[in-house]
Every structure is written in C-alpha cells, then in structure tokens.
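The values are calculated or read from the model by the stated rules, or taken from the named source; none is laboratory data. Quick caveat, the model's predicted, so the values are computed rather than measured. Because the Cβ atoms are built from the backbone with ideal geometry, glycine has one as well, and the counts that use them run over all protein chains shown. With ligands, DNA and RNA removed, areas are computed over all heavy atoms of the protein, side chains included. Shrake-Rupley method; radii C 1.70, N 1.55, O 1.52, S 1.80 Å.
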Amino acid sequence: LVDQGKLTLDAPISKYIAGVPSGDQITLRELAQMRSGLVTIDDVPEFADSYISDPHQSFTPAQLLGYALDKPLQFPPGTQYDYCNTNTVLLGLVVEQQSGQRLPDYISEHILAPLKLTHTSFATTAALPDPHAQGYTVLQGAEQIATDWNPSWGWGVGNMISTLDDMRIWARALSTGTLLSPETQRQR
C-alpha cells in the first residue's frame with residue numbers, strides 16, 4: 001500500500017482510525033516497529049478473562065481494540081520498543097480501509113497468490129488442515145487441549161496457518177523484499 005501511494009508510514013494513525021490514544025502522535029511506522037506505547041490487548045486482564053472463560057467465542061477487531069484503547073500509553077510514542085498486538089490489529093484495519101478489501105482477502109491476493117503460498121491461509125475458523133500438531137496450554141494448573149480454540153483474537157496479529165515449505169518461500173521473500181519496491185524494502 002505504501003508502494004501504491006495509498007498510505008505513508010509517517011502518517012498518524014488518527015488519519016485512518018479514530019479513538020486511538022495519542023493517535024495524532026503515533027505513526028504507522030511506530031505501530032509497525034512496535035514503538036507506539038499502546039498497551040497490548042493480551043496483557044489486559046479483562047481480555048484474558050473473557051477469552052479464557054470461553055475460548056471458542058469470536059472477537060471482532062473493534063472488540064479487541066475495546067480492551068486496550070481506553071488504557072494509558074506505557075511510554076511516549078517512538079521512545080521505546082514493546083511488542084504490541086494492538087498495533088497489528090490497528091494496522092490490519094488500515095489495510096482494510098485503504099485497500100477496500102477484507103484483510104484475509106488482501107493477504108491472499110497480494111501476498112499468498114504472488115508467492116504461490118498454496119499451503120498458507122488466514123485462519124477464519126478453528127479448523128486446521130490435516131496433518132497438524134495438537135495445541136496445549138496450562139490454565140489454573142491443568143493442561144488443556146487448545147487446538148480448536150477460536151483464533152479470531154489473533155486477527156491482524158498473525159492469524160496464519162502455513163507449512164514449513166511455504167514458510168521457506170515467505171522467509172526468502174521477506175528478507176529480499178520480493179513484494180516491495182527497493183525503497184520500501186530499505187525502510188523495512
């Protein structure tokens with residue numbers, strides 16, 4: 001989208017999404033670099049309690065942001081690094097807004113298809129293609145199978161399913177900037 005001139009990395013998130021604390025100071029670049037200062041959704045106790053109480057429930061991006069955007073910044077934008085899933089949800093919404101496509105469709109058309117990642121998908125249900133490993137977690141001291149938990153909480157966070165062969169293709173394309181202009185790759 002940067003290469004298409006549909007957005008600029010130094011624009012504030014407030015240009016695209018309203019209601020972000022300090023949104024006029026936080027740039028898309030700072031969101032992508034994990035330097036926004038926003039609280040990550042998954043560190044908010046209310047989100048964790050809601051998700052754990054019913055791991056099969058579905059979350060919309062707006063619901064996810066509702067858990068984090070009413071919290072004060074952890075630090076002034078651009079001054080520190082802290083991995084933040086709130087950032088990637090916001091960036092996913094910007095992709096949708098500026099492309100006119102749903103995020104899974106945009107990723108499929110502009111990343112998966114050009115790279116021929118035929119065994120990679122954006123998860124929209126808890127169904128995993130076979131074969132797959134069983135997922136486990138520990139809650140309240142007890143091991144639980146988490147394979148079929150709803151993945152919607154990871155919407156723009158990295159809600160992808162892939163194979164090792166496709167991951168090799170993706171890693172090469174990412175490191176070489178296959179899908180980007182040389183200038184955008186330098187900035188990345």
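Of note:
- Residue 101 versus residue 79: modelled label distance in nm, points set 7 Å from Cα along the beta carbon direction: 3.9 nm
- Taking N as the residue count of region 67-170, its C-alpha radius of gyration divided by 2.2 N^0.38 Å amounts to 1.28.
- Based on Cα contacts under 8 Å between residues 6+ apart, region 60-175 shows a relative contact order of 28 percent.
- Percent of C-alpha pairs per 5 Å bin, region 1-95, short to long: 3, 14, 25, 24, 16, 10, 5, 2, 0
- Each peptide among 28-36, 160-168 gets the average number of other Cβ atoms lying within 10 Å of its residues, and from highest to lowest they stand as 28-36, 160-168.
- With distances taken between every two different alpha-carbon atoms, the chain has a Kirkwood hydrodynamic radius of 17.9 Å.
- In the chain, a dipole from Cβ-located charges (positive for Lys and Arg, negative for Asp and Glu) runs towards its positive end, and of 153, 4, 83 it is 4 whose Cα lies farthest in that direction.
- With 10 Å bins from 0: P(r) over region 110-188, alpha-carbon pairs, percent: 15, 37, 30, 14, 4
- Stretching the chain fully between residue 124 and residue 50 yields a gain of 24.7 nm (0.36 nm per residue, less the alpha carbon separation).
- Annotation: residue 169 carries an accessible surface of approximately 60 Å², with a 1.4 Å probe and no ligand, DNA or RNA atoms counted.
- Model label zone, residue 180; criterion: amide N under 18 Å from point 7 Å along Cα-to-beta-carbon; scope region 7-39: 7-11, 27-36
- Here the label points at residue 167 and residue 70, each 7 Å from Cα along the C-beta direction, are separated by 3.8 nm in the simple model.
- Rounded to the nearest 500, the 222 nm mean residue ellipticity of the chain from helices alone is -9500 deg cm²/dmol, with -39,500 (n - 2.57) taken per DSSP H run of at least 4 residues.
- For residue 132, the solvent-accessible surface computed with a 1.4 Å probe is close to 80 Å², ligands and nucleic acids excluded.
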